[in-house]
């Protein structure tokens, strides 16, 4: 191998002599020529980032039921292919070995978590909402000019997530208003 061949094997020398912008042959090496994109044979689904109310578009690449890559969607008019650090790390959220896939409950004064079925958890939640409503219900209130009708409860409140859309927030507002709650807020406004 000549000195010129040795020199041209260095990426910087190739870039200075062959491809000054480093776009073609200057950016390749023998090792990098064998690389293929991880998403080459994967399917892509368009989605929305789950972290905040902005609604950045994401491309979720999956193969054999496994998510292998999540990146910004350049077709999204909101984010134009960009993601914040949390959105860019959402593949780690999906594939984390620490992610829980079961309902966990720790009873009062217990030291361990237990798994609950969805039906059992929903029944517990419904029972607690009904009890809080009954215990905190205010029919009316004494005022200077007489009694004022209230028909409300301060026994529970609702704080919605920032990723909920207008339709979901509308339905949640209707549900909690029908239950008599007056403390209804959404974290996107806080």
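Residues that are surrounded by fewer than 10 Cβ atoms within 10 Å (Cβ to Cβ) and touching a strand residue (DSSP E or B) at 6+ places or on another chain (Cβ under 9 Å): list the strands (runs of 3 or more DSSP E) wholly contained in the stretch 83-190 that include at least 2 such residues.
In the stretch 83-190, the matching strands (runs of 3 or more DSSP E) lie at 137-143, 146-153.
Report yes if some residue within the stretch 88-97 is more than 15 Å from the chain's Cα centre (by Cα) and at pLDDT below 95; otherwise report no.
Yes, the stretch 88-97 has at least one match.
When you look at residue 159, is it free of Cβ contacts under 8 Å to residues at least 40 places away in the same chain and under 28 Å from the mean Cα position of the chain (by Cα), yes or no?
In short, yes.
The values are calculated or read from the model by the stated rules, or taken from the named source; none is laboratory data. Note that the structure is predicted; figures quoted are calculated from it, not measured. Neighbour counts are summed over all protein chains in view; Cβ atoms, including those assigned to glycine, are modelled from backbone coordinates with ideal geometry.
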